[in-house]
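Please read the structure below before turning to the comments.
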Amino acid sequence: MKFDKDKIKTSSIFWGVFLIFLGLFFLLNELSLWNYDLSIIQYFWPLLLVIWGISILKIPGIAKKILASLAAILLALFIMSLVTHHWSCNVNHNIVSIFAQDDSNIPDDSIKYELVLNYPYDSLCKAATLNFDAGAGSFRIKDTCSGILEVYSYSKLGDFELNNSGTRENVNLNLDMSLDKFWKKNKMKRKAEIKFSPVIPWDLNLNIGASNFDCDLSKYKIKNLNIDGGASNIEIMLGDLYDTTNVNIEVGASNIEIAIPSTSACQIVTSTGLSQKDFSGFKRSEDTYTTENFYTSKKRIFLNLSGGVSSFEVKRY
């Protein structure tokens, strides 16, 4: 039977070209022959959808195959731009501005924050949970407070909400700073600082969307930390004030930096797809990484990291 070139499916061409070029780009990178900063590609990602959409339309076969090939190459370049060293270095400045349209980082300490929400201290409180819906913006957790929780805002936004759905003994705080109620009307940048009580143990559930997030948790008793993020830049510093700390992070395309104390043992379990990983000082066994003192230390930190195309770094201090 004679082979008919016109019957080659466009989808086969797309995926074939995509895999060839993606493999080629990764090979060049592994051989240290890749010296290009592709971060600019991230700004033109909508062009991929345009080309891809045109290729689906009913147009002449040759033109359709050319467009499918271009879309495949552009997708490969886009993925490469996310996982190369240059992207991981520049993500702090680029990723939030691309996805959240917020081109500023958290203000320095010279900028005055104003107290907008607080939950007073209760001597009956034995443990606390914070469910934080952040949306997009710049946020940080820093220092302690005399109450259970205090929120300071750089921008006065009246739609912040804080309520307790738990009891006095087990406080369950729900902090809503998401975009749905305010962002569309006023287009203001959200910048806030959150302070916790250092006395009680905490469970933190953070839904941070596309944000800059700086978490200095070294002064708190952290039992569980759960982070669900989109395209974010996240910096976390953990302490050793609680014997066992469980951290679960699930993100899309983000830059994650975690600092853990040398006084605590640590185990990392990863499911990170095409993500870049830097776990210096850890012993590897397949997708699990452990510190040398993991089986002897009384203080332990468990990290479960999941990401599509992200950059993860865990370092000890």
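Specify which of the listed residues (ASP214, ASP203, ASP143) is at pLDDT 95 or above and either within 22 Å of GLU235 (Cβ to Cβ) or of a type in the set (S, T, N, Q) (or both).
Criteria check complete, one pass: ASP203.
Please specify each residue of segment 113-135 satisfying the condition of being under 30 Å from ALA210 (Cα atoms), among the hydroxyl-bearing types (Ser, Thr, Tyr) and part of a loop (DSSP other than H, G, I, E, B).
Correct list: TYR113 only.
Quick test for you: out of SER310, SER297, pick the one residue that is closer than 25 Å to MET80 by Cβ, hydroxyl-bearing (Ser, Thr, Tyr) and either in contact with a His (Cβ under 7 Å, 6 or more places away or on another chain) or in the same structural domain as LYS223 (by TED's automatic domain parsing) (or both).
Unique residue meeting the criteria: SER310.
Given the criterion surrounded by 20 or more Cβ atoms within 10 Å (Cβ to Cβ) and touching a Phe, Trp or Tyr at 6+ places or on another chain (Cβ under 9 Å), identify the matching residue among SER310, SER275.
The conditions single out SER275.
Hey, LYS298 hits all of (1) surrounded by 15 or more Cβ atoms within 10 Å (Cβ to Cβ); (2) over 30 Å from LEU77 (Cβ atoms); (3) touching a residue at least 40 places away in the same chain (Cβ under 8 Å); (4) not polar (S, T, N, Q) but one; which does it fall short on?
If we test LYS298 against (1) surrounded by 15 or more Cβ atoms within 10 Å (Cβ to Cβ); (2) over 30 Å from LEU77 (Cβ atoms); (3) touching a residue at least 40 places away in the same chain (Cβ under 8 Å); (4) not polar (S, T, N, Q), just (1) comes out false.
Restricting attention to segment 254-275, report how many residues are modelled with pLDDT under 90 and out of contact with any helix residue (DSSP H, G or I) (no Cβ under 6 Å at 6 or more places or on another chain).
Qualifying residue count for the region: 5.
The values are calculated or read from the model by the stated rules, or taken from the named source; none is laboratory data. Keep in mind the model is a prediction, meaning the values are calculated, not measured. With ideal geometry, Cβ positions are generated from the backbone for all residues, glycine too; neighbour counts draw on all protein chains shown.
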